[in-house]
Amino acid sequence: MSEFTPAPMMIVVSIILLVAFFFAMLVKQYRRCPSNRVLVVYGKVGGQRAAKCLHGGGTFVVPLIQNYAYLSLEPLTIEIELTSALSKKNIRVGVPSTFTIGISTNPDIMNNAAERLLNLKEDAIAHQARDIILGQMRLVIATMSIEEINQDREKFLDLVNKNVNFELNKIGLEMINVNIRDITDESGYIEALGQKAASEAINQAKIEVAEAERQGSIGTATARREMDVRVAEQTAQSAMGQKEAERDQRIKVASFEAEGVAGEADAKRQQEIAVAEQAALSVQGKKEAERDQRVGVATLEADAVKGENSSKAQIADYEATLAERRADAKRRGEVALAQAARDVLQAEKEQELARLDKTQIAQQMIERKKIEIDAEAEAERLRRIARGEADAILAKYTAEAEGIRKVLESKAQGYHQLIDVCGTRTDLAPALLIIEKLPDLVAEQVKAIQNLKIDKITVWDSGAAGNGINGGGGHGSTANFLRGLIGSLPPMHELAQQAGIDLPEVLGHVHQDRATGDAAEKSAPSAEGEAHPTT
């Protein structure tokens, strides 16, 4: 017994080693996907797919029928030196830019990358992407004017992102970032636009300065005018006060004079003689004083009027000068306003033209692009529908052929079993098959007369059997008519003979009459009896 004890141990060790080997194979074939890569399993992956892509996690790679590879998700930086791109107004521009792209983690786009970029080097991938980006950049620039490219950067970048991303997705890439470094043109149009904008800004500043100066001049002139008016008012009020004071003085003096004359008259009347000379002298002196007073007052009034007229003339000169300055300021203001209105109308005209280019022509280009995309999508849909219908028709005919084949195989198997059951009786198998087809044969016989339209059959039968001389055959007329009618049908035994088979004995059989050669049944039912007219 001691000689056989090592054998079970060897078996156990072999089993353990075998299990360890298979476990090591399983561990070795399980592949994990890093976060910065895409795991591509190709070979037999199930369904109609060419490869299976994973981002993160892991999967088991079946030996022999599957293999794997990795796609890097590290971004690629591509320098695009785009020059002489033709814009919408036939002005060639240069748009140097930097694009950052990478393989997308979207499942559908990853499959595109697996089909088109697997095992390609970064230089080859960058070369393909550069060609796509250059073509789409030229297409976008051709749909925009140079003003839109230079001023509406957001719209330009949006169109670039949309078009470039759509084309890059077809090969499994996506755009991460785009940086437009500069926009230049060969004709100096952009520089002219800058100079025009600077000139417009300078002109606007000059207009605002002139407007401010005009407002300042108007304010200064208004203040001076108000000052002169107030000075003139105060001067007039002073003159009026002076005249009023002089008037009051004259009234007082006249009153005092009247009172003095009255006193003197009374005194003179009392002392007519004594004071007559004195009174005369007094009156003379008084008149001289009044004359001197009146001359002095008139002189003062003339001087006052002269001063008033001089002041009025100075005021009129100042008002004329002020009116001239106002007219000149108004003229310069109206000229500046007209120039500003002309510049505003010119700018509105250019803005309206730019808006029309932006809204109508760009919209037409977008609509045309949309129609092209919809047409491509519709064509692809119709192709897929046609492909699906073709697959359905193929599957239908394949299933029908498979069903016919199985039916034929089943019939062949049944025929084989029938032949085995018949054994040495080889005549039984055809007879049984003919019996199986008897309903169809009878149906075909019925079809031979089913279209005969017989409204009425009248048979006059005397009831006596014929003597066979006139073809009666020993039967009555009705029996002979029915036999002739049935005999017009295709005989079943003749059909069987033409097929080369013999019917079973239960159906009877036919033999050839050597004398006449007519076919006669071995046994046939008699149709004797009394016959009556039948309708």
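Readers should treat all values here as calculations from the given coordinates under stated rules, not as data from a laboratory. What you see is a predicted model, and the numbers here were worked out from it, not measured in a lab. All Cβ positions, even for glycine, are placed from backbone atoms using ideal geometry, and neighbour counts span all protein chains on display.
Okay, here's what the table says:
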| read-out | value |
| --- | --- |
| Contour excess over end-to-end distance, with Cα ends at residue 266 and residue 65 and 0.36 nm allotted per residue | 55.9 nm |
| Estimated FRET transfer efficiency when R0 is 25 angstrom, pair residue 316-residue 220 (beta carbons, to 0.05) | 0.75 |
| Highest average packing first - 397-410, 116-129, 144-157, Cβ atoms within 10 Å | 144-157, 116-129, 397-410 |
| Along each principal axis, Cα extent of the stretch 231-325, largest first, Å | 77, 18, 10 |
| Peptides ranked, highest mean first, by Cβ atoms within 10 Å: ranges 59-72, 285-298 | 59-72, 285-298 |
| Highest-first arrangement of 165-178, 309-322, where packing means the average Cβ count within 10 Å | 165-178, 309-322 |
| Two-site FRET efficiency, residue 227 against residue 253, from Cβ-Cβ distance with R₀ of 56 Å, rounded to 0.05 | 0.90 |
| Estimated inter-spin distance, residue 105 and residue 302, nm [label 7 Å along Cα→Cβ] | 11.4 nm |
| Links that overshoot a 22 Å alpha carbon limit, given the list 411/447; 170/369; 121/162; 206/358 | 411/447; 121/162; 206/358 |
| Equivalent ellipsoid, the stretch 2-69 (semi-axes from 5 times Cα gyration tensor eigenvalues, Å) | 39, 14, 6 |
| Stretchable slack from residue 89 to residue 288, in nm (0.36 nm times residue separation minus alpha-carbon distance) | 61.1 nm |
| Rounded FRET efficiency, nearest 0.05, which uses the C-beta distance separating residue 207 from residue 174 and R0 of 56 Å | 0.65 |
